Amino acid sequence: MSKGNAFAQVNERVAQAGEYLNLPKGLVQAISSCEREVVISIPLHHSDDIEVLTGYRVQHSSARGPRKGGIRFHQDVDLDEVRALASLMTWKTALIDVPFGGAKGGVTVDPSRLTSLQKEEIIRRWTRTLIHVLGPNRDIPAPDMGTDAQTMAWLMDEFHRLDGFQPACVTGKPVSLFGAPGREEATGRGVAQITAATLKENDVKVKGATVAIQGFGNVGRYAALVCQELGMNVIALSDVTGGIYDKKGIDIASIFNVKDLSEVVSDNRIGSSELLEIQADVLIPAALGGVINSNNMSKIKAEFIIEGANQPITTEADNELRKQGAVIVPDILANSGGVMGSYFEWTQNIQQFSWPIEKFRKELDERMEVAFVNVHKTAKKYKVDLRTAAFIVSVGRVSNAFTQRGSLL
Ligand code: NAD
C-alpha cells in the first residue's frame, strides 16, 4: 500500500457504495469516520536503556455492535494503516452479518527482533494503557500479523488482573485457555472455501486448479492446507524468507509445521515478489498490503485473485487487473472467516459453553457460503464487480443501523 492513503482508498469504496444506495453525503461521511483513535507510548526495557514504541487502537464503528479487530505488530504500522484496517473490519463484520463493529490495533515494531518476554511486556502495556476502551461489550481484540494465540493469552491475563475474569475480552486465544477449536484455522479455511466456490462459480474445476500463495503465516498456511484438502494443486509459496515453486505441486501437509519456508528443502527457490507473477489459476496474497500495485500489475497472470491479506491490491491495480479480465475476490469477503471464527469464540465464552470443532467448521462454511452468494447476487443486481458489491451490502447494513439508532447517536 502506498504509505499514507490506505484509509482514503477504503473510503473511496464506501463513497462509491453510498452513491449506488443513494445515501446522503453526510451520512456516508459519518459512517466512514473513525469513532475514536487512541495513540499510546509503550516503553520497552532493554538491558541498558528504554526504547519507546508507539501503539494504536482505532475504533472505527460500533453502529452494529462492539468494535472488533486484530492487533498488528509490524515495523510499518502507522495511524493511516490502522484506520484503514479498522474501517475494513466494520465493512467485513457487516458483510458477514455478525453483531460487531470495527476496530484495529497495532504497535510499530519489527516482531522478528523481539524476545518472547519483550512481546509479553509490549502487549501487557498495550492492554493496561487501553483498558478503559476495551472489553467484551466495547472492543474485542484478536491476532493479526506479528501476534498470535500466545499474545492473546497474555492480553487476556492482563485484562483479568485489571477487570476480573472475562474470557470474551479477546478472541484468537489458545484452545487450552478459553479459545475455540477451529478459530486458528478459520481465516485460511475461509479463504480456501471461497477459492473453491469462486472456481465453481466460474465453471473451473476445483480439482487440479493451480494455486500460488504469498505468506505462510496463520492465513497462508491454513489456506494452503485446505486448498490441498479440497483438491487444488498448490504450486508456489512464499514468505518473508523467499519462496518455493514446484509445478507438480507442493505437499503442504508435510511442510505445515516449519517455522518459515527457509527450512524447506527445494531445488526451485523463487523470490517473494516473483511468486505474484507466476502462471497459476489462482493467486492468494496472504501477507502484506499493497503488494499488487502499479509496478507489477501488468505482470500478474492469475485469472483468480483471492485476497487473503487485507488490502493487498491498490485501487489502480484493481482497476487494471479487472480490465485484463481477472476475477478479484475482495478481502472483506475472502478473509472474513477469521472474524466469523472470532464471533463463534466470543459467543462460546459468553455462554461458557464450547462447541466441537465439527460444529465450528460447519457453521463457518455455511455462513461464508451465505455471504458469498449474497455478494454475487448483489454484483448481478447492480452490474458491478465483487468488491463494489461487497461494499454495497456492508454500507447498506451499517447505514441502516446508524440511522435506526437515532440522530442523537
Ligand atoms: P502472520 O504474521 O501469521 O504471517 C504473515 C506472513 O507474511 C508470514 O509468513 C511472513 O513471513 C509473511 N511476510 C511478511 N513480510 C513478507 C514479505 N515482504 N513478502 C512475503 N511474505 C511476507 O500474519 P497473518 O495473521 O497470516 O496475516 C496475514 C494477512 O492476513 C494480513 O494482511 C492480515 O491483516 C490478514 N488477516 C489475518 C487474519 C487472521 O485471522 N490472522 C484475518 C483476516 C485478515
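Across region 309-316, in residue order, what do the Karplus-derived ³J(HN,Hα) couplings come to in whole Hz, using 6.51 cos²θ - 1.76 cosθ + 1.60 with θ = phi - 60° and x for Gly and Pro?
7, 8, 6, x, 10, 6, 4, 4
Between the alpha-carbon centers of region 378-409 and region 27-98, tell me the distance in whole angstrom.
22
How large is the translational diffusion coefficient of the chain in µm² per second when you combine the Kirkwood radius over alpha carbon pairs with Stokes-Einstein at 37 °C and 0.692 mPa s? Present the calculation step by step, with values, prior to reporting the outcome.
Values: Rh = 21.3 Å.
Taking Rh from Cα pairs, D becomes 154 µm²/s.
Using packing as a proxy for protection, rank 257-265, 367-375, 343-351, 198-206 so that the peptide with the highest average count of other Cβ atoms within 10 Å comes first.
On the way: 257-265: 12.3, 367-375: 18.3, 343-351: 20.7, 198-206: 14.7.
Going by the mean number of other Cβ atoms within 10 Å, highest first, we get 343-351, 367-375, 198-206, 257-265.
Between SER254 and ASP163, 0.36 nm times their residue separation minus their Cα-Cα distance comes to what?
Values: separation 91, 0.36 × 91 = 32.76 nm, distance 4.31 nm.
This chain segment gains 28.5 nm when fully extended.
Considering only protein heavy atoms, what is the solvent-accessible area of GLU366 at a probe of 1.4 Å, reported in Å² to the nearest 10?
Answer for GLU366: close to 90 Å² accessible.
Measuring from the lowest to the highest alpha carbon on each principal axis, how far does region 186-325 reach, largest first, in angstroms?
38, 31, 27
By per-residue mean of other Cβ atoms within 10 Å, what is the highest-first order of 281-293, 317-329? Let's see the in-between values first.
Details: 281-293: 25.2, 317-329: 17.8.
Descending mean neighbour count gives 281-293, 317-329.
Counting heavy atoms of the protein chains only and a 1.4 Å probe, report the per residue accessible area for the chain as a whole number of Å².
On the way: 16820 Å² over 409 residues.
Value returned for the chain: 41 Å² of accessible area per residue.
Residues of region 105-124 with backbone nitrogen within less than 11 Å of a virtual label 7 Å along the Cα-to-Cβ line of SER47, please, listed as ranges.
none
Please give, to one decimal in nm, the separation of the simple spin-label points placed at ASN295 and LYS381, each 7 Å out from Cα toward the Cβ.
Once both label points are built, they end up 4.1 nm from each other.
Tell me the carbon and sulfur percent of the accessible area for region 186-325, rounded to whole percent, probe radius 1.4 Å.
On the way: 2710 of 5790 Å².
In region 186-325, the share of accessible area belonging to carbon and sulfur is 47 percent.
Quick one: Cα centre-to-centre distance for region 192-241 and region 255-318, in angstrom?
12
Put +1 on the Cβ of each Lys and Arg and -1 on the Cβ of each Asp and Glu in the chain; which of VAL133, ASN400, ALA192 then has its Cα farthest toward the positive end of the dipole?
The residue sitting most towards the positive pole is ASN400.
Counting only the heavy atoms of the protein chains, how much of MET145 is accessible to a 1.4 Å probe, in Å² to the nearest 10?
Result for MET145: roughly 60 Å² accessible.
Quote to one decimal, in nm, the extra length available between GLN150 and ALA15 on full extension: 0.36 nm per residue of separation minus the C-alpha distance between them.
On the way: separation 135, 0.36 × 135 = 48.60 nm, distance 3.82 nm.
Taking GLN150 through ALA15 to full extension adds about 44.8 nm, to one decimal.
Once you've got the Cα coordinates, tell me which of LYS259/LYS301; LYS301/LYS377; LYS207/LYS248; LYS173/LYS259; LYS25/LYS377 are over 18 Å apart.
Values: LYS259/LYS301 29 Å; LYS301/LYS377 27 Å; LYS207/LYS248 14 Å; LYS173/LYS259 20 Å; LYS25/LYS377 26 Å.
Violating the 18 Å limit, Cα to Cα: LYS259/LYS301; LYS301/LYS377; LYS173/LYS259; LYS25/LYS377.
The values are calculated or read from the model by the stated rules, or taken from the named source; none is laboratory data. Small disclaimer: the values here were computed from a predicted structure and weren't measured. Positions of Cβ are backbone-derived with ideal geometry, glycine not excepted, and every protein chain shown enters the neighbour counts. Protein only, heavy atoms only, side chains kept; ligands, DNA and RNA dropped before computing areas. Shrake-Rupley method; radii C 1.70, N 1.55, O 1.52, S 1.80 Å.
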